[in-house]
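*Asks:* One structure, pasted below without further comment.
Coordinate-derived values only; no laboratory data. Values in this document were obtained by computation on a predicted structure and should not be read as measured data. So basically every Cβ, Gly included, is an ideal-geometry build from the backbone, and we count neighbours across all protein chains shown.
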Amino acid sequence: MSKGCMIVCDGGNGAGKSTVLQSIEHHLIAQGRDPVMTREPGGTPIGEKIREVLLDRGSSEMFDVTELMLFAAARAQHVREKILPAINSGKIVVSDRFDSATVSFQHYGRGLPLNLIRQLNDIATDGFKPDITIILDLDPAAGLKRVHSRGSELDRMEQENLQFLQKARTGYLEQAKDDPDHFIVIDASKPLEIVISEAIRIVDQVVSKSYSQRPSFT
């Protein structure tokens, strides 16, 4: 049996990840595939419990390094319990966020040392990397407007200020610039149907390629 692949959809709050991920799921199912849809933090029973702590508005006293280690703990469980078994059984894994989010939010946003974050990520993932990470790029001010327009209560991370979110955006764009083989950026300010179409095109390229090769995006 061929190994599967992993596609990550990431980016700032309000960039449209949930809608894009739902469209990717429907597209893959329509092709007769059975994608494993997951998210971070979370994805497993233990990971979801950690998610509750991380996003709880009552966790305002959480130290930055505590936050970092909780994200890493949830990821370690996620990779071993869900992601790798699915890929080894030939599944397509599609995740809402992954390790790129930790670099963006905890290094660029919080200012924690990049070498520390990379070490923890390597431990958590055991060196595993997704096939591609799709970054939905949107100006943080526009993203905040979208988040507020939902009318739902904001979680702890969504309550962060604009400066923090701008730093995180820089983190995503820097990662994409430094590693174009594993990242591709989509302008999330475009009409939603165009954003979805571009994301699905990328997904189709990844799925159609041999999983032992990295796809080339044009």
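*Asks:* At a Förster radius of 22 Å, what calculated FRET efficiency corresponds to the Cβ-Cβ distance of LEU55 and GLN166, to the nearest 0.05?
*Replies:* On the way: r = 21 Å, r/R0 = 0.94.
Result of the calculation: an efficiency of 0.60.
*Asks:* For ILE186, what is the net charge nearby, where nearby means another residue's Cβ is under 9 Å from its Cβ and Lys, Arg count +1, Asp, Glu -1?
*Replies:* Every neighbour counted, the sum reads -2.
*Asks:* How charged is the neighbourhood of GLU52? Take every other residue with its Cβ under 12 Å from the Cβ of GLU52, and add Lys/Arg as +1 and Asp/Glu as -1. Provide the component values of the computation, followed by the final result.
*Replies:* On the way: positive: LYS49, ARG51, ARG57, ARG156; negative: GLU48, ASP56, ASP155.
Around GLU52, the surrounding residues sum to +1.
*Asks:* Here is a follow-up. Report the chymotrypsin sites (Phe, Trp or Tyr not before Pro) located in the stretch 42-132 that are in a DSSP loop and have at most 14 other Cβ atoms inside 10 Å of their Cβ, or state none.
*Replies:* Answer in residue order: PHE63.
*Asks:* Checking the cross-link filter: which lysines have an alpha carbon closer than 22 Å to that of LYS91, excluding same-chain neighbours under 8 positions apart?
*Replies:* LYS3, LYS17, LYS82, LYS129, LYS209
*Asks:* May I ask for the Rg/Rh ratio of the stretch 5-208, computed from Cα atoms with Rh as the Kirkwood radius, given to two decimals?
*Replies:* Numbers: Rg = 16.0 Å, Rh = 17.1 Å.
The Rg/Rh ratio comes out at 0.94.
*Asks:* Of the chain, which part is the longest with no GluC sites (Glu not before Pro) in a loop (DSSP not H, G, I, E, B) and with at most 13 other C-beta atoms within 10 angstrom?
*Replies:* The longest uninterrupted stretch comes out as 62-152.
*Asks:* To continue, here is another question. At most 16 other Cβ atoms within 10 Å and a DSSP loop assignment: could you name the trypsin sites (Lys or Arg not before Pro) in the stretch 113-218 that fit?
*Replies:* Counting only loop positions with at most 16 other Cβ atoms within 10 Å, the trypsin sites (Lys or Arg not before Pro) in the stretch 113-218 are ARG150, ARG156, LYS209.
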